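Structure first, then comments.
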Ligand SMILES: *Cc1c(COP(=O)(O)O)cnc(C)c1O
């Protein structure tokens, strides 16, 4: 707490049971961490080439296939380096010649920039839209990969995942689902590669990438690998594919991350799967946006209700209130990471509503904000 932070103590009966509302890394369920502690002796610090670790990797791959209801022929690939590394791997091993990128925030723009810098590819088509909205893809003959982002974590905008009409028959639809996975509905028929890191929607830790790949995507990986393109081994999706099929990674992964991701996927699957977890996020979104709509000092940043993310909410505050001060008071009361995305530069709070976050805690958070605002006034 800085010296300027007003000393406001929120009563204990108002505060959420868990005060983590960050959009990444995000709340890891305590039960998952306890399960890791119980399993640690036979798991952490053991070889990732042996059965106990490979068993967890298999559980993750199988659990994700179940969660995402993947049809036969789809496969889960994984490797080290998180989503950012996957973008580079895609530039080497998924894009044949030219991609199209929907750029509507920090993360979607970064993938476009990574591809723009690749000398072996044609310049990508980048379709932008202002913060708080999303563009739609445009089917074109010369595009072989469409880059969509299911949830733009920096702005709190979600978009439907659908194959663009007019796309050529073997074009790939690639979807960044780092914050969408597990919380937003998904139809595998509409995407060829649904990729993510597990520290947001999946309530685990960072450092890993995972990708649900369609047969068309797997064929693309094989075809590019067989061409003469130079691909660094750590970015080589064919090497990742071969290792994934053996429930391994090319080099040593973070074993705790894998374990925590399995815990979250199995927790969702045992509670009713994606329908259950998406409904839970719908409920959180209804509470939070409903509260913001009613408040005279706050409003959802995203104007179009259908674009308002059900996993990351951005709430604007009017000029009489400083959102950073509000976030600082919340932080001093152990309600953390509600600060706005810094580069967006708005007077707002950004609040995660991932499946791990209890809708009752979202409700409690709104009461805490009301309480603090009453006292700041
Ligand atoms: C956080 C985030 C990323 C970056 O993930 P890293 O694992 O840190 O590389 C990419 N895309 C989206 C949508 C994100 O939210």
| field | Residues (within 16 Å of the ligand (Cβ to nearest atom) and part of a strand (DSSP E or B)) located in segment 174-221 | value | 174, 175, 176, 193, 194, 195, 196, 208, 209, 210, 211, 212
| remark: Conditions (1) touching a residue at least 12 places away in the same chain (Cβ under 8 Å); (2) part of a helix (DSSP H, G or I); (3) over 24 Å from residue 247 (Cβ atoms) -> residue 120 fails only (2)
| said: Based on this model, can you work out whether residue 174 counts as surrounded by fewer than 24 Cβ atoms within 10 Å (Cβ to Cβ) and modelled with pLDDT of 95 or more? | reply: no
| Members of segment 38-53 that are part of a helix (DSSP H, G or I) and touching a residue at least 12 places away in the same chain (Cβ under 8 Å) | 39, 43, 53
| request: Can you tell me which residue within segment 333-346, out of those that are modelled with pLDDT of 95 or more and surrounded by fewer than 17 Cβ atoms within 10 Å (Cβ to Cβ), is farthest from residue 285 (Cα to Cα)? | output: 334
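Take residue 44 and tell me if it is away from the ligand (no atom under 16 Å from the Cβ), under 24 Å from the mean Cα position of the chain (by Cα) and closer than 24 Å to residue 250 by Cβ. Full working, then the answer.
Working: away from the ligand (no atom under 16 Å from the Cβ): yes; under 24 Å from the mean Cα position of the chain (by Cα): no; closer than 24 Å to residue 250 by Cβ: yes.
Judged against the criteria, residue 44 is not a match.
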| remark: Picked from segment 111-125 (must be surrounded by 16 or more Cβ atoms within 10 Å (Cβ to Cβ) and within 21 Å of the chain's Cα centre (by Cα)), the residue nearest to the ligand (Cβ to nearest atom) is 111
| task | Confirm whether residue 90 is in a helix (DSSP H, G or I), free of Cβ contacts under 8 Å to residues at least 24 places away in the same chain and more than 11 Å from the ligand (Cβ to nearest atom). | result | no
| In this structure, is residue 166 near the ligand (Cβ under 10 Å from one of its atoms), at pLDDT 95 or above and surrounded by fewer than 24 Cβ atoms within 10 Å (Cβ to Cβ)? | no
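Could we say that residue 147 is modelled with pLDDT of 95 or more, touching a helix residue (DSSP H, G or I) at 6+ places or on another chain (Cβ under 6 Å), assigned to a strand (DSSP E or B) and within 16 Å of the ligand (Cβ to nearest atom) here?
The answer is yes for residue 147.
Would you check if there is a residue in segment 227-235 being under 21 Å from residue 158 (Cβ atoms) and either crowded, with 17+ Cβ neighbours inside 10 Å or within 16 Å of the ligand (Cβ to nearest atom) (or both)?
No: zero hits.
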| field | Among (1) buried (at least 22 other Cβ atoms within 10 Å of the Cβ); (2) within 11 Å of the ligand (Cβ to nearest atom), the one test that residue 84 misses | value | (1)
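Condition check ((1) touching a residue at least 40 places away in the same chain (Cβ under 8 Å); (2) more than 16 Å from the ligand (Cβ to nearest atom); (3) in a strand (DSSP E or B)) across all residues:
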residue	(1), (2), (3)
28	yes, no, no
36	yes, yes, no
55	yes, yes, no
71	yes, yes, no
79	yes, no, yes
97	yes, yes, no
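Restricting to segment 257-281, name every residue that is part of a helix (DSSP H, G or I) and surrounded by fewer than 17 Cβ atoms within 10 Å (Cβ to Cβ).
Within segment 257-281, 270, 271, 273, 275, 276, 279 meet the criteria.
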| field | Among (1) crowded, with 24+ Cβ neighbours inside 10 Å; (2) touching a residue at least 60 places away in the same chain (Cβ under 8 Å) - the single one residue 131 does not satisfy | value | (1)
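The values are calculated or read from the model by the stated rules, or taken from the named source; none is laboratory data. Just so we're clear, the structure is a prediction, and the values are computed from it rather than from any experiment. Glycine gets a Cβ as well: all are built from the backbone with ideal geometry, and neighbour counts include every protein chain shown.
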